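The values are calculated or read from the model by the stated rules, or taken from the named source; none is laboratory data. The structure displayed is predicted, hence computed values, not measured ones. Here the Cβ is made from the backbone with ideal geometry for all residues, glycine too, and neighbour counts use every protein chain on show.
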Amino acid sequence: MNTSRAVLVRLLGGVGLMVALALPAATAAAGEAETAEEVLQYFVVPRTEALARAAALQAEAWPAFCAAPSQAWAAEVRRRFAEVVEAWAAVEVVRFGPVAEASRHERLNFHPERRNATGRAVAGLLAGAERAMPDRGTVAQASVAGQGLGALERILHDPEAAGMAEGTPAGRRRCAVGAAIAAAVAATARETAEGWGHGDPSTRLGPREVLVRSLTDLVTFYRGLVEVRIKPVVGDAPGAGDHRAAAFWRAGLADRTTAVNLAAGEALASILASGHLEAEAALRHAAAAREVADGLEAPLAELAADPARRHRALMLFAAVRDAHNRLLEVLPEALGVTVGFNSLDGD
């Protein structure tokens, strides 16, 4: 099991998704090849390239912000950060290919975290005003938790972020750290996109393997949304949830990220289900989950904490869970793939 998938297995409580090939005597090889090509050509590659472009634009803004601190530049950097987060959410489901190499998936966004790993990594980069200003090389030597979008979110949205626009000494160092992390994110995103374009060894996958890995990532992703991102926020009772379990809650992007995640899951599922009637019919569950997320009238954490509106939060939880269960039920059979769950120790 590769590093990125092993991390998610541990985060999901030791329940790992194992996909094995079913080997019928004769398979629709041409159909598999066409579907695999569509997965790469219309989903994986363009979305990876979009992430690389957004990350590059964000990285370009930081030096100007640091050189001439202002509220206007601070707002512009935050806006570009939100665009990168959205581009990431649109391709986060993919965990195979170049993004699986060199811990790139975790370097782009280390979430969920344990024991405040991101906070400790950022604090280490900010410490020591007398030391040389950090750069991309400094960030590369930090832990994975300090190299990605979660770390950049803290730089931009923690209470101390105001010092950057004011140009205080602490603010200048904070801006240098932000610029270095943004450059690291841009480099990782570019390496991932170039890996697909340049025929990195991790991209040399047969059609069957593309389908297996895509399906593995898809159902694992839905399971992660249910168990890791939505359930902890909703909690077992009003007020029992923890809004900090959501991705990008500091930036106020948690619910938007979930909505984009679900739209991406639906898009990938629709490619995999194409030509399989029962699987195509099951897509309505993925669409329903996305529609519920799009239609939330208030932040999920707020809805979950309000007894009068909690049913809306529970509706999202149920819709995403049902989408996971239904896709897991029909897609493996449609694609001729056997999916099973094994209890793993997480090591």
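Can you spot a residue in region 134-141 that is farther than 30 Å from PHE221 by Cα, outside the structural domain of ALA36 (by TED's automatic domain parsing) and of a type in the set (Ser, Thr, Tyr)?
yes
For region 199-208, indicate whether the set of residues that are buried (at least 20 other Cβ atoms within 10 Å of the Cβ) and either out of contact with any strand residue (DSSP E or B) (no Cβ under 7 Å at 6 or more places or on another chain) or at pLDDT 95 or above (or both) is non-empty.
No, every residue in region 199-208 fails to be buried (at least 20 other Cβ atoms within 10 Å of the Cβ) and either out of contact with any strand residue (DSSP E or B) (no Cβ under 7 Å at 6 or more places or on another chain) or at pLDDT 95 or above (or both).
Scan region 249-261 and tell me whether some residue there is part of a helix (DSSP H, G or I) and without any contact (Cβ under 8 Å) to a residue 24 or more places away in the chain.
no
Could we say that ALA55 is within 22 Å of GLY146 (Cα to Cα), of a type outside the set (Asp, Glu), surrounded by fewer than 24 Cβ atoms within 10 Å (Cβ to Cβ) and in contact (Cβ under 8 Å) with a residue 24 or more places away in the chain here?
For ALA55, the condition - within 22 Å of GLY146 (Cα to Cα), of a type outside the set (Asp, Glu), surrounded by fewer than 24 Cβ atoms within 10 Å (Cβ to Cβ) and in contact (Cβ under 8 Å) with a residue 24 or more places away in the chain - is not met.
Restrict the check to region 284-305 and report whether at least one residue is assigned by TED's automatic domain parsing to the domain that holds ARG250, of a type outside the set (A, V, I, L, M), crowded, with 19+ Cβ neighbours inside 10 Å and farther than 13 Å from VAL234 by Cβ.
Within region 284-305, one or more residues are assigned by TED's automatic domain parsing to the domain that holds ARG250, of a type outside the set (A, V, I, L, M), crowded, with 19+ Cβ neighbours inside 10 Å and farther than 13 Å from VAL234 by Cβ.
Each row is one residue, and each column tells you yes or no for (1) assigned by TED's automatic domain parsing to the domain that holds ARG174; (2) on the phi > 0 side of the Ramachandran plot; (3) in a helix (DSSP H, G or I).
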{"site": "ARG95", "(1), (2), (3)": "yes, no, no"}
{"site": "HIS105", "(1), (2), (3)": "yes, no, yes"}
{"site": "PHE110", "(1), (2), (3)": "yes, no, no"}
{"site": "ARG115", "(1), (2), (3)": "yes, yes, no"}
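Which numbered condition trips up GLY239, out of (1) part of a loop (DSSP other than H, G, I, E, B); (2) in contact with a Ser or Thr (Cβ under 9 Å, 6 or more places away or on another chain); (3) of a type outside the set (Asp, Glu)?
It fails just one condition, (2).
With region 266-336 as the region, which helices (runs of 4 or more DSSP H) entirely inside it contain at least 3 residues that are out of contact with any strand residue (DSSP E or B) (no Cβ under 7 Å at 6 or more places or on another chain) and at pLDDT below 95?
The qualifying helices (runs of 4 or more DSSP H) are 277-294, 310-335.
Residues are listed down the side, and each one gets a yes or a no for (1) buried (at least 24 other Cβ atoms within 10 Å of the Cβ); (2) β-branched (Val, Ile, Thr); (3) more than 20 Å from LEU225 (Cβ to Cβ):
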{"site": "TRP73", "(1), (2), (3)": "no, no, yes"}
{"site": "GLU76", "(1), (2), (3)": "no, no, yes"}
{"site": "PHE81", "(1), (2), (3)": "yes, no, yes"}
{"site": "ALA90", "(1), (2), (3)": "no, no, no"}
{"site": "ALA102", "(1), (2), (3)": "no, no, yes"}
{"site": "HIS105", "(1), (2), (3)": "yes, no, no"}
{"site": "LEU108", "(1), (2), (3)": "yes, no, no"}
{"site": "PRO112", "(1), (2), (3)": "no, no, no"}
{"site": "ALA117", "(1), (2), (3)": "no, no, yes"}
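Given the options THR258, THR216, name the one that is buried (at least 16 other Cβ atoms within 10 Å of the Cβ), of a type in the set (Val, Ile, Thr) and closer than 21 Å to ARG154 by Cα.
One residue alone meets the criteria, THR258.
Given the residues GLU266, GLU227, which is the only one that is under 21 Å from VAL85 (Cβ atoms), touching a residue at least 24 places away in the same chain (Cβ under 8 Å) and not assigned by TED's automatic domain parsing to the domain that holds VAL84?
Answer to the selection: GLU266.
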